[in-house]
1. Taking θ = phi - 60°, what integer Hz values does the Karplus form 6.51 cos²θ - 1.76 cosθ + 1.60 yield along the range 223-235, in sequence order, with x for Gly and Pro?
2. Full extension from Arg276 to Thr177: what is 0.36 nm times the residue separation minus their Cα-Cα distance, to one decimal in nm?
3. Under the rule of at least 5 residues apart or a separate chain, name every residue whose amide H is placed under 5 Å from the amide H of Ser163.
4. Among 252-262, 339-349, how do they line up by average Cβ neighbours within 10 Å per residue, starting with the highest?
5. Taking Cα centroids, how far is the range 118-149 from the range 33-67 in Å?
6. Suppose each label sits 7 Å from its Cα in the direction of the beta carbon; what would the Asn368-Lys50 distance come out to in nanometres?
7. Using modelled amide H (1.01 Å from N, peptide plane; none on Pro or chain starts), what sits under 5 Å from the amide H of His332, excluding residues fewer than 5 places away?
8. Find how much the distance from Ala343 to Arg75 grows on full extension, using 0.36 nm per residue of separation minus their present alpha carbon separation; answer in nm with one decimal.
Amino acid sequence: MLRLTNVAKKRALLVLILSLIFVTAWPVAAVDIYIDYTCTLHSAINAANKDRERQDCEAGSGDDTIIFTRDDKPRSGDQPSITEDLLINGRNHTINADKSDPVFEVKDAHLIIRDIKIRFEGTRSGPAFEVRDGKLTLINVVVENCKRGVKQDDSHTTIRGVSNICELDADEIVEGTGTTNLSLPQPEVPQTCGQLPAEVAVVSATYGLASGVQCTQLDGAGVGIQSVVDAGFISAVNLWGYVEQGVEICFPQLGSLVFIDSANTPRTVSAIDAYRKGNSSCAHLRRPGTVVLTPGEPPTASVPVAAEPAESQPASAQPAAVEGCPIHTTGHLRLRAAPSQEAETLEYIPRGSNLNSLSRTTFWYQVNYRGLTGWIGQKYVRANC
């Protein structure tokens with residue numbers, strides 16, 4: 001029988017302990033959890049809380065993100081409390097909640113909710129949100145059919161952006177012990193980029209303004225970052241929608257441009273590669289955010305060739321139809337009635353779906369999904385043809 005010396009035993013024990021630490025403590029990356037027809041908000045919160053897959057909801061470790069691809073109706077009386085730090089990106093979808101339940105209850109965690117509408121089915125008399133020993137951040141959140149906003153206990157609540165909580169005045173939104181940080185400008189009326197006054201800014205997009213890019217003029221309160229306003233804020237435009245295609249914005253005066261990235265929380269301010277067109281200060285964007293014109297050294301560089309947006313592509317430039325081409329979706333997509341970002345949404349197609357194309361244009365595939373014929377964008381599609 002093999003006998004181990006004391007030194008060998010100690011070494012074996014050390015290897016065993018290190019192995020257990022390595023296996024049990026190896027970190028799992030945070031994930032994006034998508035709300036679709038197989039993953040509900042209820043299951044997504046459970047997955048984020050327990051770091052385990054629930055229903056068809058992925059789960060990671062750390063600050064997970066829940067992303068809506070459709071509206072959701074939580075089950076009455078069954079919404080789990082949030083006990084892990086979490087970001088919920090509503091993407092302008094709606095939660096239709098039962099009036100008997102708070103939408104979100106936070107316990108010893110930080111919950112960030114952005115770009116969502118919450119509508120109670122019937123008027124709720126209790127608070128819409130409850131926070132205990134935690135933090136709640138609401139950005140561009142609208143809550144309807146309620147009389148009370150946030151009830152907190154030894155907590156901190158931040159509300160900013162174009163938010164409207166139960167139509168309450170700012171000093172009535174949060175009740176209870178803790179601190180509150182409010183920055184609530186009056187809601188702006190959304191404007192398409194073509195409706196911006198020329199004295200504010202001129203916007204053009206690679207595939208035309210009808211391709212889905214949107215704009216809103218902002219005042220200092222809408223910018224929401226005091227250091228930018230203090231720098232001598234002149235004008236600002238927020239851009240969202242299909243900005244990834246490439247968008248040019250030109251302010252009709254000379255000055256410095258800064259960019260506020262809406263993809264980060266808290267939002268980050270960065271320099272932008274500005275260029276000059278006559279007496280205009282211009283920039284080229286490929287991600288949504290806010291461009292702010294401030295006094296300062298004007299750009300001296302001339303317009304880069306790659307930044308010149310093209311006009312809408314004519315039909316003659318579109319490729320011929322490709323029928324029967326196998327398609328695999330690499331993201332959650334909208335099935336639209338026409339090949340346009342402005343077209344009606346017929347259905348939502350989850351990531352990982354396998355389809356066959358009926359035809360295509362330059363940027364769209366026509367497919368049939370669950371008996372519905374429509375169009376999906378090519379950005380999150382892998383085609384084998």
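Read-outs throughout are calculated quantities, based only on the coordinates presented, and are distinct from any laboratory measurement. Fair warning: this is a prediction, and the values are worked out from it, not measured in the lab. Note that each Cβ is placed from the backbone with ideal geometry, even for glycine, and that neighbours are counted across all protein chains shown.
1. Coupling constants for the range 223-235: 4, x, 10, 4, 5, 6, 4, 5, 6, x, 3, 10, 7 Hz.
2. The span from Arg276 to Thr177 would gain 30.5 nm if fully extended.
3. For Ser163, whose amide H was placed from the backbone, the distant partners under 5 Å are Asn140, Val141.
4. 252-262, 339-349
5. Between the Cα centre of the range 118-149 and that of the range 33-67, the gap is 21 Å.
6. With each label placed 7 Å out from Cα toward Cβ, I get 4.1 nm.
7. Arg351
8. 93.4 nm
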